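The values are calculated or read from the model by the stated rules, or taken from the named source; none is laboratory data. Since this is a predicted model, take the numbers as computed values, not measurements. Here the Cβ positions follow ideal geometry from the backbone for every residue, glycine too, while neighbour counts run over all protein chains shown.
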Amino acid sequence: MILKRSSLRLASSILRSNLGRLSHPYKLNFCVTYQCQSRCLTCNIWKMRPKGELSIAEISMFTSRNPYFSWVNLTGGEPFLRRDLVEIAELFQNNCHPHILNMTTNSLCPPSRVRLMMERIVELGIPRVVIALSLDGPEEIHDHIRGIPGNYQGVVETAQHLEHLRDELKIVFSYTMSRYNPMMLQKTIEGLREELPWVTPSIFHLNVAQYSENYYRNEDGGFNPDPDVVEKEAEWLRTQNRGLSMFEILEHRFDRGIGSFARSHQPQVRSRELDATIFLDSTGNLYPSIMSNYRLGNVRECDYDLEKLPAETVEHVKKLLEHDLMPAHHTSCEAYPAMLADLKGFLW
Ligand code: SF4
């Protein structure tokens with residue numbers, strides 16, 4: 001019954017997003033912690049020393065006062081560094097009944113710990129649970145980009161610890177293209193298949209390394225990939241991905257726009273941030289998207305209730321968005337709901 005209700009609620013939000021603005025966002029991108037053990041060349045989150053992150057009691061208030069999220073993305077930092085990650089997922093399940101919960105990991109936590117936590121999360125009964133393991137190249141290249149020797153083997157071992165859950169848990173690999181891994185996608189997948197024969201190109205999600213002052217804190221930059229390479233990699237992946245699941249159809253369209261974004265920095269579809277999606281960081285700050293520097297407020301200042309965000313600030317940001325005055329981006333956090341709010345775009 002919950003399955004039917006949650007899927008209908010998500011479908012209804014998606015359909016309504018094609019007709020106009022929504023009264024509440026249905027997708028929450030939540031950075032549960034900025035702690036991270038990695039040393040990535042493309043992201044500076046690992047340099048942060050976060051203090052005052054939201055407690056489980058505060059997250060409980062947030063979920064009970066904003067119960068309309070039917071798609072929850074728990075990201076970081078490294079989410080599995082939060083010892084209460086399972087409890088966080090449980091709060092969303094109890095108070096929001098999401099249809100989709102997706103999560104990320106850098107595979108630097110002990111695989112046995114990730115396994116135990118994911119077994120408990122899967123048991124919560126959320127209909128679609130997805131975990132994305134970051135993987136940016138074959139062993140030597142991945143470990144160089146991530147700055148941690150042995151990280152590639154950590155990815156393999158984490159996947160091996162999770163593979164028994166594959167009936168209930170979708171495992172995908174999140175591959176970020178930068179100038180450090182040109183034309184390495186096919187080699188990465190072939191190498192991974194030697195240790196994980198069930199891996200196929202269709203479970204690879206492409207990202208392009210992007211700048212974000214507020215989130216990745218990487219304005220120092222210098223990592224942009226060659227747009228020709230991005231286009232070739234995305235085109236190759238599209239030829240491999242001919243599936244008809246919702247994920248594969250979304251990925252097909254996402255990959256269609258990634259090359260042009262790398263070249264022009266213009267998204268393929270208009271963002272629906274602060275409409276279909278919103279970003280909450282681990283200290284309670286709210287932003288329209290993970291790529292936006294414009295803080296809407298802090299949940300601690302609005303009684304953990306999005307309805308009580310300062311109306312003037314929200315209206316101002318809506319106007320900036322309407323006039324395309326916010327940073328452009330092409331991330332799965334925001335692009336998926338944006339594509340789903342433009343269903344006719346799937347027809348061509
Ligand atoms: S990309 Fe992920 S793993 Fe790397 S520093 Fe940023 S949050 Fe950490």
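Here's a check for you: in the range 154-198, which residue that is in a loop (DSSP other than H, G, I, E, B) and of a type in the set (Asp, Glu) is surrounded by the most Cβ atoms within 10 Å (Cβ to Cβ)?
Per the criteria, the residue is 168.
Can you pull out the residues in the range 78-125 that are crowded, with 16+ Cβ neighbours inside 10 Å and either on the phi > 0 side of the Ramachandran plot or polar (S, T, N, Q) (or both)?
Matches in the range 78-125: 93, 95, 97, 102, 104, 105, 106, 107.
Considering only the range 49-68, I want to know if a residue exists there that is within 11 Å of the ligand (Cβ to nearest atom) and in contact (Cβ under 8 Å) with a residue 60 or more places away in the chain.
No, the range 49-68 contains no residue that is within 11 Å of the ligand (Cβ to nearest atom) and in contact (Cβ under 8 Å) with a residue 60 or more places away in the chain.
Restricting to the range 33-47, and then to whatever is within 20 Å of residue 84 (Cα to Cα) and more than 7 Å from the ligand (Cβ to nearest atom), can you tell me which residue is surrounded by the fewest Cβ atoms within 10 Å (Cβ to Cβ)?
Per the criteria, the residue is 37.
Mind listing just one residue for me: the one in the range 277-310 that is modelled with pLDDT under 95 and of a type in the set (A, V, I, L, M) and, of those, nearest to residue 96 (Cα to Cα)?
The selected residue is 290.
Among the listed residues 171, 189, identify the single one that is of a type outside the set (Gly, Ala, Ser) and closer than 30 Å to residue 96 by Cβ.
171
Give the residue that is nearest to residue 93 (Cα to Cα), with candidates limited to residues of the range 15-32 that are of a type outside the set (Ser, Thr, Tyr) and surrounded by fewer than 18 Cβ atoms within 10 Å (Cβ to Cβ).
The residue in question is 24.
Of all residues in the range 293-348 being within 21 Å of the chain's Cα centre (by Cα) and among the charged types (D, E, K, R), which is surrounded by the fewest Cβ atoms within 10 Å (Cβ to Cβ)?
295
Of all residues in the range 103-124, which are within 16 Å of the ligand (Cβ to nearest atom) and under 18 Å from residue 71 (Cβ atoms)?
Within the range 103-124, 103, 104 meet the criteria.
Please enumerate the residues belonging to the range 200-212 that are within 14 Å of the ligand (Cβ to nearest atom) and in a loop (DSSP other than H, G, I, E, B).
209, 210, 211, 212
When you scan the range 281-292, do you find a residue that is farther than 15 Å from residue 331 by Cα and without any contact (Cβ under 8 Å) to a residue 24 or more places away in the chain, even just one?
Taking every residue of the range 281-292 in turn, at least one turns out to be farther than 15 Å from residue 331 by Cα and without any contact (Cβ under 8 Å) to a residue 24 or more places away in the chain.
Among the residues of the range 283-321, write down those that are in a helix (DSSP H, G or I) and of a type in the set (Val, Ile, Thr).
299, 313, 314, 317 - these are the residues of the range 283-321 that are in a helix (DSSP H, G or I) and of a type in the set (Val, Ile, Thr).
Do you know which residues across the range 125-158 are away from the ligand (no atom under 16 Å from the Cβ) and touching a strand residue (DSSP E or B) at 6+ places or on another chain (Cβ under 8 Å)?
126, 127, 128, 129, 130
Being within 18 Å of the chain's Cα centre (by Cα) and either of a type in the set (Asp, Glu) or within 16 Å of the ligand (Cβ to nearest atom) (or both) is the filter here, so list the residues in the range 78-102 that pass it.
78, 79, 80, 81, 82, 85, 102
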